[in-house]
1. Give the angle, between 0 and 90 degrees and rounded to the nearest 10, that separates the Cα long axis of helix 76-119 from the longest principal axis of the Cα atoms of the chain.
2. Work out, step by step, the length gained on full extension between residue 179 and residue 233: first 0.36 nm times the residue separation, then minus their alpha carbon distance; give nm to one decimal.
3. Between 101, 82, 43, whose Cα lies farthest towards the positive end of the dipole of region 37-113 when Lys and Arg beta carbons carry +1 and Asp and Glu beta carbons carry -1, centred on the Cα centre?
4. Provide the net charge surrounding residue 43, with neighbours chosen by a C-beta distance below 12 Å and charges set as Lys +1, Arg +1, Asp -1, Glu -1.
5. Report, in whole Å, the centroid distance computed from the Cα atoms of region 109-145 and region 17-72.
6. Taking square-rooted eigenvalues a ≥ b ≥ c of the alpha carbon gyration tensor, is region 157-234 rounded, prolate or oblate, where a/c under 1.5 means rounded and, failing that, a/b exceeding b/c means prolate?
7. So what is the 222 nm mean residue ellipticity for the chain from helices alone, if each DSSP H run of at least 4 adds -39500 (n - 2.57) and you divide by all residues, rounding to the nearest 500 deg cm²/dmol?
8. Give me the orientation-averaged projected area of the Cα convex hull of the chain, in nm², one decimal.
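What follows draws every value from the coordinates through simple rules; no lab data is involved. As the structure is a prediction and not an experimental result, all values here were calculated from the model. Reconstructed Cβ throughout: ideal geometry from the backbone, glycine too, with neighbour counts over all protein chains shown.
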Amino acid sequence: MKKILSISLMVLSAFAYNLAPAQMKTINITKTYSGDTYAKKQVMVATRLMGYIKQINVEEGDVVKKGEFLFEVDPSDIYSMINQARAGVLQAQNAVLMAELAYADAKKDYDRFSNLYKQGSVSKRDYDKMTLNMKIRKSQVGMAKAMLSQAKAGLDQALAQKKYSKVYAPINGVVVRKFANVGDMSIPGHPVLILANLKSVQARAFVKAEDVRLIKKGQNTDIFISALNKKVLAKVSSVILSGDAATHSYLVKFKFSDKNSDILPGMYAKIGVKIGDKKETVVPYDALTSRGGIVGVFVNNGSKAEFRAVTILSQDGNSVAVSNVKVGEEVVILPPVNMTDNTPLD
């Protein structure tokens, strides 16, 4: 047994270990926030009419172009309104015609009585009665024409409602939500579909109140999209300085630096944001190891290895800021799994 142990020590002592000194370095302080992606350009498509949905031409996930037919509301009630409005216009036109004929007769009587009154053949009382009758008939013509204008406006409104029975895509986009099916009742103002422009997809996250002042519009960030297993570059596009009273957090939005057509609305995003920098003692990432589930490094202590537990403060590239290591102390790079305390390093 002693012979085997001595051979093992000889092998370890003959192994050339790579050492690197711990250094003082200014590193970025980065915090990671959980967020999601969303479409900046998103439209809730509804109808102005109440009625049963007669036809829906799209499903969730369908890509549509601006002006493409989406769905139709049963226009039966609208046709009834149009017919009533047309009947109202005809009735108003007849009323105008009757009023104009009555006025024409009253005008003739007035002209005849006016001449007779000048000749002294009729009394002033009869002349005044003819004058009043003519004025009344003339005002009735004006009232009939006003009613005709209202009837025509009602018809125009009914005809305008007809075009709202068919709904078309207001933007280029994809159908991300569908709230109704054929036969369902549509209600004015209630969305039937939601369209999103995939070229406008951005990311967003809520940050803590103590961090929001440290985040500036235009600064670079890294965003990891877990669904795609990739990291993309982005910039802070806006910081909404109106916090949520319940969570005391603030909404920050991020715009992707490059076109990423594979990023869809609603994807989970881990957003790394630099909130400052500070000087820390750093060691190479490859010096980190673990023993018994404890993360640490092996330090050169009198040419012998000494395992020292550390706390990882932050990471900047291949440099890791750690506690419990002093500047200038040498750490073992890529320590073997069988290295223990007192393993010779010479």
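1. 30
2. Numbers: separation 54, 0.36 × 54 = 19.44 nm, distance 3.44 nm.
Working it through step by step, the gained length comes to 16.0 nm.
3. With unit charges placed on the Cβ atoms, the residue in question is 43.
4. Values: positive: 40, 41, 66, 177; negative: none.
So the surrounding residues net to +4.
5. Comparing the Cα centres of region 109-145 and region 17-72, I get a distance of 76 Å.
6. Details: a/c = 3.00, a/b = 2.46, b/c = 1.22.
Here region 157-234 falls in the prolate category.
7. Values: 4 runs with 101 residues, N = 346.
Mean residue ellipticity, 222 nm, calculated: -10500 deg cm²/dmol.
8. On the way: hull surface 133.9 nm².
Quarter of the Cα hull surface area: 33.5 nm².
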